[in-house]
Amino acid sequence: IGEQVLLGCTFKSTSPITEKLIVDWTYRPLAGGQMETIFHYQVVPYPTTIGRFKDRVSWVGNIARGDASIAIQSPVKSDNGTFICSVKNPPDV
């Protein structure tokens, strides 16, 4: 709580990495409810501009190394939940 937390995500692809590669991070609260996209990457990072993680998510990954990790600043107990990293590198998913 209060310190930056790293959410690691690594991937491998049988296809060459191109500008079509997409990374999506989604979050669902521990108590359940709607999934929300908290981060999107396609060529450049797009942290969320709305919701509980606004201005707190940053890109720490390196696509060339198969790393799609993010960091969350100042986490609080109510941030607890399920975080899902999804990487698509067409035609490989």
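The distance separating the Cα centre of the stretch 2-46 from that of the stretch 78-92 comes to 4 Å.
Count the lysine pairs in the chain whose Cα atoms lie under 27 Å apart, taking only pairs 8 or more positions apart in sequence or on different chains. Before the final figure, lay out each step's value.
Values: LYS12/LYS20; LYS12/LYS88; LYS20/LYS54; LYS20/LYS88; LYS54/LYS77; LYS54/LYS88.
Qualifying lysine pairs in the chain: 6.
Using a simple charge model, +1 on the beta-carbon of Lys and Arg, -1 on the beta-carbon of Asp and Glu, nothing else, what dipole does the chain show about its Cα centre, in debye to the nearest 20? Intermediate values should be presented prior to the final figure.
Working: 9 positive and 8 negative charges, 18 e Å.
Using only the charged Cβ atoms, the result is roughly 80 debye.
Contact order, relative form, for the chain: 42 percent (alpha carbon pairs under 8 Å, 6 or more residues apart, mean separation divided by residue count). For the pair HIS40 and ARG28 in one chain, pulling the backbone fully straight at 0.36 nm per residue adds 2.8 nm over the alpha carbon distance. Using 20 Å as the cut-off for backbone N distance, which residues of the stretch 36-52 belong to the label zone defined by a point 7 Å from the Cα of VAL76 along Cα→Cβ? Within reach of a label on VAL76, which here means backbone N under 20 Å from a point 7 Å along Cα→Cβ, the stretch 36-52 contributes 36-39, 48-52.
Computed over the Cα atoms of the stretch 5-88, what is the convex hull's projected area averaged over all directions, in nm²? It would help to have the intermediate numbers written out before the result.
Details: hull surface 21.7 nm².
The number I arrive at for the stretch 5-88 is 5.4 nm².
Quick note: the coordinates plus some simple rules give every number you see, no bench work behind them. None of these values were measured; they are calculated from a predicted model. Virtual Cβ from ideal backbone geometry, glycine too; neighbours counted across all protein chains shown.
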